[in-house]
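The values are calculated or read from the model by the stated rules, or taken from the named source; none is laboratory data. Values in this document were obtained by computation on a predicted structure and should not be read as measured data. We place every Cβ from the backbone using ideal geometry, glycine too, and count neighbours over all the protein chains shown. Calculation scope for accessible area: heavy atoms of the full protein, side chains included, ligands and nucleic acids excluded. Shrake-Rupley method; radii C 1.70, N 1.55, O 1.52, S 1.80 Å.
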Amino acid sequence: MKQSILSVTDVKSLIDDGKKLLLAGEEETLILLPKGDWVAGTIPYFISKEQGGMVSRELICATDISSFVSSIEIVKYDQNSLARVYSEGPKHGFSFIVIPAMSKTHLSFALNAPNYKDFGIRPLIGWIAGVHLSDLGKKTPKVINGQTGEVLEEGAFVLQAQLPGNKVAEIGIVNLFEQGDGDILTFTSDDFSAETVMVNGEKRNFAAYIVKNKLDTKLPLVADYYGAMVNISFQDVDEVEGRVKFYAPVFSGIRYKHAKPVTDYVKVFNDRLCKECSIESDRVAFSCNCILNYLYSELEGKKTDPFVGPVTFGEIAYQLLNQTLVYLEIMDV
């Protein structure tokens, strides 16, 4: 077993057997588990091997990393100490991080991670914990350290995993979105919102620009980071206030374009896998996909083999991403 959707009883058995686990589920379900070598974030949305996209308040998504990890340590960080996350990562292994959505730590990581010491020098993968969409504003996302039982709604837990000498970790990204053929958009500050945008160098109000040009805000802004396409997803367009909010920050000096439409998510996803990747399913140790992909592409009941796992409020592959699938491969040296 690597990633599976399991009952509380089945997960308890794995913990009792000493398995090292990455877990995702509802808070009320996760707190029923005994202490052990596991770390978790709250979310009730998953993609399973058997059913495809699904919602469950009773089941838990479990990723068993025991077979290839030699040792683990779970470390607690806050918005300030998280700046050490790359430099403190295992020299031969990977770090797995979970952060509650809209916490100070989430916002700080999103804005500052590329400037942290040793950024990108060691593998860091993970996700942003969330809640059922009907619970937005009623419940707060949480992360849990299974070794201590500590539950956080502010901060982050990082599982630092050491690998044996004959294994190596690599992080991959599958992004279905590409830059469209429209205007070049740039911003004057690093932020989760913007009033002003430079459209081909001309200053405009961004909300008014979106409305006038009828931009589909289900499609993200896409930046080309040295060949890697990175999405910035829209949260809200307030035409009255003249402000646009995002799920990840825009950065000054980066050139963005509105994404090309994706008509058939599963077909494009599979085509992209065939084109870009020769991914062997037995090498995929962990993966997660974005709640916006789940909603906008109607992934409930649809399969995205070989990728299963939690559906998240943000994906982390070195830095915060949106509307993206990220995955961890463990390979022989």
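Pairs linking a residue in segment 294-318 that is in contact (Cβ under 8 Å) with a residue 12 or more places away in the chain to a residue that is assigned to a strand (DSSP E or B) and surrounded by fewer than 20 Cβ atoms within 10 Å (Cβ to Cβ), with Cβ atoms under 6 Å and 6 or more positions apart or on different chains, are Gly301/Gly52; Lys302/Gly52; Lys303/Gly52; Val308/Ser48; Ala317/Ile171; Ala317/Ile173.
So in segment 274-333, with the set limited to residues that are closer than 17 Å to Val98 by Cα and touching a Gly at 6+ places or on another chain (Cβ under 6 Å), which one is most open to solvent (accessible area, probe 1.4 Å)? Residue satisfying both the conditions and the ranking: Tyr318.
Residues in segment 103-139 that are surrounded by 15 or more Cβ atoms within 10 Å (Cβ to Cβ), without any contact (Cβ under 8 Å) to a residue 60 or more places away in the chain and out of contact with any helix residue (DSSP H, G or I) (no Cβ under 9 Å at 6 or more places or on another chain): Ser103, Arg122, Asp135.
Taking first residues from segment 48-60 that are closer than 20 Å to Asn293 by Cβ and partners that are of a type in the set (Gly, Ala, Ser) and loosely packed, with under 15 Cβ neighbours inside 10 Å, the Cβ contacts under 8 Å between residues at least 6 apart in sequence or on separate chains come to Gln51/Gly301; Gly52/Gly301; Gly53/Gly301; Met54/Gly301. Answer with yes or no whether Ala248 is closer than 25 Å to Met102 by Cβ, surrounded by 15 or more Cβ atoms within 10 Å (Cβ to Cβ) and in contact with a Phe, Trp or Tyr (Cβ under 6 Å, 6 or more places away or on another chain). So Ala248 does not fit the description; no.
Among strands (runs of 3 or more DSSP E) entirely within segment 247-333, having at least 3 residues that are within 12 Å of the chain's Cα centre (by Cα) singles out 284-290, 309-312, 315-317, 319-321, 325-332.
Inspect all residues belonging to segment 229-237 and state whether any of them is open to solvent by 60 Å² or more (accessible area, probe 1.4 Å), at pLDDT below 95 and part of a loop (DSSP other than H, G, I, E, B). Scanning segment 229-237 turns up no residue that is open to solvent by 60 Å² or more (accessible area, probe 1.4 Å), at pLDDT below 95 and part of a loop (DSSP other than H, G, I, E, B).
Can you tell me which residues in segment 79-91 are in contact with a Lys or Arg (Cβ under 8 Å, 6 or more places away or on another chain) and assigned to a loop (DSSP other than H, G, I, E, B)?
Of segment 79-91, the ones in contact with a Lys or Arg (Cβ under 8 Å, 6 or more places away or on another chain) are 79, 83-84, 86-87, 89-91.
Correct list: Gln79, Tyr86, Ser87, Gly89, Pro90, Lys91.
Restricted to segment 22-74, and to residues that are over 28 Å from Gly93 (Cα atoms), in a loop (DSSP other than H, G, I, E, B) and among the polar types (S, T, N, Q), which residue is farthest from the chain's Cα centre (by Cα)? My answer is Gln51. Only a single criterion out of (1) farther than 22 Å from Asp191 by Cα; (2) part of a loop (DSSP other than H, G, I, E, B) is not satisfied by Phe94, namely (2). Restricting attention to segment 127-162, the residues that are outside any loop (DSSP other than H, G, I, E, B) and either hydrophobic (A, V, I, L, M, F, W, C) or at positive phi (or both) total 14. When segment 163-180 is limited to residues that are part of a loop (DSSP other than H, G, I, E, B) and either small (Gly, Ala, Ser) or in contact with a strand residue (DSSP E or B) (Cβ under 8 Å, 6 or more places away or on another chain) (or both), the one that is farthest from Gly25 (Cα to Cα) turns out to be Gly180.
Would you check which residues across segment 192-223 are part of a strand (DSSP E or B), of a type outside the set (Ser, Thr, Tyr) and touching a helix residue (DSSP H, G or I) at 6+ places or on another chain (Cβ under 8 Å) and list them?
Here is the first cut: in segment 192-223, the residues part of a strand (DSSP E or B) are 192-194, 196-199, 202-205, 221-223.
With of a type outside the set (Ser, Thr, Tyr) added as a condition, the list becomes 192, 194, 197-199, 202-205, 221-223.
Phe192, Ala194, Val197, Val199 - these are the residues of segment 192-223 that are part of a strand (DSSP E or B), of a type outside the set (Ser, Thr, Tyr) and touching a helix residue (DSSP H, G or I) at 6+ places or on another chain (Cβ under 8 Å).
Pro261: of a type outside the set (A, V, I, L, M, F, W, C), buried (at least 18 other Cβ atoms within 10 Å of the Cβ), over 20 Å from Gly120 (Cβ atoms) and in contact (Cβ under 8 Å) with a residue 24 or more places away in the chain, yes or no? Taking the combined requirement at face value, the residue does not satisfy it. Of the listed requirements (1) closer than 20 Å to Ala285 by Cβ; (2) in contact (Cβ under 8 Å) with a residue 40 or more places away in the chain, Lys91 misses just one: (2). Among the conditions (1) among the hydrophobic types (A, V, I, L, M, F, W, C); (2) under 15 Å from the mean Cα position of the chain (by Cα); (3) part of a strand (DSSP E or B), the only one that Ala110 does not satisfy is (3).
Checking each residue in segment 1-47 for being among the basic types (Lys, Arg) and buried (at least 21 other Cβ atoms within 10 Å of the Cβ) picks out Lys2, Lys20.
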